[in-house]
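The values are calculated or read from the model by the stated rules, or taken from the named source; none is laboratory data. Being a predicted model, the structure only gives us computed values, none of them experimental. Here Cβ is always computed from backbone atoms with ideal geometry, including for glycine, and neighbour counts include all displayed protein chains.
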């Protein structure tokens, strides 16, 4: 069995309990109280029971406390998966979208997500789903726009004849008459 990780010497049990009392983060309070139990001379199993976790988690708390002090016991958000497209690939995508497609070279007259994904795969070797590509483009400030459909034989001079007439202007209701007795 390995020796426990020693705690920093610039804190004590009473000081940690006072910090826990003033903390607004419940998770940090629980962790500070667990570490203060170790400072008070209690076994690490008691600190684990006090924190409601296992011994390995208590060890992780002690390591974080030793490095960052009480702020190391504030729970942070997990970093998540790394982005599919790096900065260079995003710049290439931005340039591609801003230039627009060339029908002779790309074979399309407007970009679709599937076309952009195919070009990214061919040029950069990165496979991106249409959903992810849509999210990346939205993050860069682009939106999916499409023109309003128009019939090829539509005559702009005839369109006023097919428009609906506006409803008549509204009128104020009559005043209610006083109830007679």
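Numbers at a glance
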| item | result |
| --- | --- |
| Close pairs from the range 1-20: first touching a residue at least 40 places away in the same chain (Cβ under 8 Å), partner assigned to a helix (DSSP H, G or I) and exposed (fewer than 13 other Cβ atoms within 10 Å of the Cβ), Cβ under 7 Å, at least 6 apart | 5/63 |
| Residues being part of a helix (DSSP H, G or I) and loosely packed, with under 10 Cβ neighbours inside 10 Å - total across the range 104-126 | 3 |
| Residue match in the range 142-164 (condition: surrounded by 10 or more Cβ atoms within 10 Å (Cβ to Cβ) and either touching a residue at least 40 places away in the same chain (Cβ under 8 Å) or assigned by TED's automatic domain parsing to the domain that holds residue 91 (or both)) | yes |
| Number of the exception - residue 158 against (1) closer than 20 Å to residue 96 by Cα; (2) modelled with pLDDT of 80 or more | (1) |
| Which listed residue, of 64, 47, 81, is within 28 Å of the chain's Cα centre (by Cα), surrounded by 15 or more Cβ atoms within 10 Å (Cβ to Cβ) and free of Cβ contacts under 8 Å to residues at least 40 places away in the same chain | 64 |
| Residue check, residue 90 at pLDDT 90 or above, within 30 Å of residue 144 (Cβ to Cβ) and surrounded by 12 or more Cβ atoms within 10 Å (Cβ to Cβ) | yes |
